[in-house]
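Pasting a structure here, questions to come.
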Amino acid sequence: MAQPSVILATASYDHTIRFWEAKSGRCYRTIQYPDSQVNRLEITPDKRFLAAAGNPHIRLFDVNSNSPQPVISYDSHTSNVMAVGFHCDGNWMYSGSEDGTVRIWDLRTGTCQREYESRAAVNTVVLHPNQKELISGDQNGNIRVWDLAANSCSCELVPEVDTAVRSLTVMWDGSMVVAANNRGTCYVWRLLKGTQTITSFEPLHKLQAHDGYILKCLLSPEFCDPNRYLATASSDHTVKIWNVDGFKLERTLVGHQRWVWDCVFSVDGAYLITASSDTTARLWMMSTGEAIRVYQGHHKATVCCALHDGAESAPS
């Protein structure tokens with residue numbers, strides 16, 4: 001089966017994962033996921049596999065097969081897996097769970113190679129572009145940097161005590177990190193290279209982005225430059241696009257009827273995909289703020305989406 005050039009997947013509380021033709025909006029494959037809800041989707045850098053983070057396992061599905069069965073299951077978390085992602089070469093996978101741990105997995109064998117204790121439910125984990133540090137955010141409001149070389153926590157900060165950090169995002173060049181919380185606030189830090197290789201945080205901005213929860217924050221990708229944007233998806237049914245230069249509001253994406261749980265940029269930053277409790281996912285044109293495609297097929301809340309529209313080596 002030929003590999004699609006654009007892979008778009010969504011998952012819903014209806015216990016299905018759907019694959020879509022991004023341009024036409026046609027659903028071409030549905031995977032049943034009966035064991036739990038799916039909290040997060042991520043596509044491997046080589047486009048071969050889709051990771052689905054559930055409760056308490058992570059399952060890896062073959063993108064190019066019609067098999068409903070996962071290729072492999074990762075099984076040592078004990079609660080909802082809320083974050084999943086991959087090393088840039090696809091050598092290993094990382095995850096964060098409500099069981100309070102951040103883990104690193106051998107993709108091929110399914111074994112957990114490392115475990116870091118956050119001591120509170122982990123909501124979000126991102127990999128620093130240097131591929132040597134993981135940054136996690138938890139339910140108690142802690143942000144921690146896990147130094148993979150030293151195998152320890154190298155930095156800890158609490159932007160707002162007892163306010164859950166819901167989502168983290170790092171600029172592609174490692175220059176900035178943003179944390180979004182349950183009070184609709186984004187904290188922005190400049191990332192500085194400290195002594196040795198340890199990253200340090202310099203406060204840059206505090207943005208009151210929404211009145212409700214921010215469920216996802218996301219910085220635009222490299223090929224969007226020189227424009228740099230921050231997208232914030234919220235329980236107030238909107239997604240807001242902020243210009244990182246001064247954090248001015250560029251536009252508000254309005255169209256979803258309920259909470260917006262997730263969003264992902266196209267590789268060039270020209271489009272944004274969103275997933276919402278209103279059962280739909282939408283494709284937005286960044287330049288106009290228009291929804292140009294609605295993906296309909298789920299019959300419960302659509303809570304996560306994944307998109308891989310780049311070539312394996314370089315953007316087309």
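Under a Cβ-Cβ cut-off of 11 Å, what is the net charge of the residues other than Trp261 that fall near it, where Lys and Arg count +1 and Asp and Glu count -1?
+2
In nm, give the distance between the simple-model label positions of Gln32 and Asn130, each being 7 Å from the Cα along the Cα-to-Cβ direction.
Roughly 4.8 nm, to one decimal.
Let me ask something additional. Relative to the Cα centre, what is the charge dipole magnitude of the chain, using +1 at the beta carbon of each Lys and Arg, -1 at the beta carbon of each Asp and Glu, and rounding to the nearest 20 debye?
With Lys and Arg at +1 and Asp and Glu at -1, about 520 debye.
Tell me, what is the percent relative contact order of the stretch 87-144, built from C-alpha pairs under 8 Å that lie six or more residues apart?
Reported as a whole number, the value is 27 percent.
I'd like the distance separating the alpha-carbon centroids of the stretch 245-313 and the stretch 78-95, in whole Å.
Centre-to-centre (Cα) distance: 22 Å.
Just how far, in whole angstrom, is the stretch 152-186 from the stretch 1-36 if you go by their alpha carbon centroids?
30 Å
Taking 8 Å as the Cα distance limit and 6 or more residues as the minimum spacing, I'd like the relative contact order of the chain as a percentage.
13 percent
Heavy atoms only, probe 1.4 angstrom, no DNA, RNA or ligands counted: give me Arg114, Arg228, Arg144 ranked by accessible area, highest first.
Ranking Arg114, Arg228, Arg144 by accessible area, largest first, yields Arg114, Arg228, Arg144.
Leaving ligands, DNA and RNA out of it, rank Lys240, Lys47 by accessible area with a 1.4 Å probe, largest first.
Details: Lys240 40, Lys47 10 Å².
Accessible-area ranking of Lys240, Lys47, largest first: Lys240, Lys47.
Starting from the eigenvalues of the Cα gyration tensor, five times each then square-rooted, give me the equivalent ellipsoid semi-axes of the stretch 204-316, largest first, whole Å.
21, 19, 11
For the stretch 76-178, what are the per-bin percents of Cα-Cα distances with bins 10 Å wide, up to the bin holding the maximum?
Taking all Cα pairs of the stretch 76-178, the binned fractions are 16, 52, 28, 3 percent.
Taking θ = phi - 60°, what integer Hz values does the Karplus form 6.51 cos²θ - 1.76 cosθ + 1.60 yield along the stretch 134-141, in sequence order, with x for Gly and Pro?
Each residue's phi maps through the Karplus curve to give 9, 10, 10, x, 10, 5, 8, x Hz.
Continuing with this model, one more query. If I model a spin label as a point 7 Å beyond the Cα along the Cα-Cβ vector, how far apart are those points for His205 and Thr288 in nm?
Each label point lies 7 Å from its Cα, and together they span 2.7 nm.
Pairs of alpha-carbon atoms within less than 8 angstrom and 6+ residues apart define the contacts here; what relative contact order does the stretch 146-245 have, in percent?
Answer for the stretch 146-245 is 21 percent.
If you build the convex hull over the alpha carbons only and average its shadow over all orientations, what do you get for the stretch 13-80? Give it in nm² to one decimal.
4.8 nm²
The values are calculated or read from the model by the stated rules, or taken from the named source; none is laboratory data. A quick note: this is a predicted structure, and the numbers were derived from the prediction, not measured. When we count neighbours, we look across all protein chains shown, and the Cβ atoms used for this are built from the backbone with ideal geometry, even at glycine. Side chains included, ligands, DNA and RNA excluded: accessible areas come from the protein's heavy atoms. Shrake-Rupley method; radii C 1.70, N 1.55, O 1.52, S 1.80 Å.
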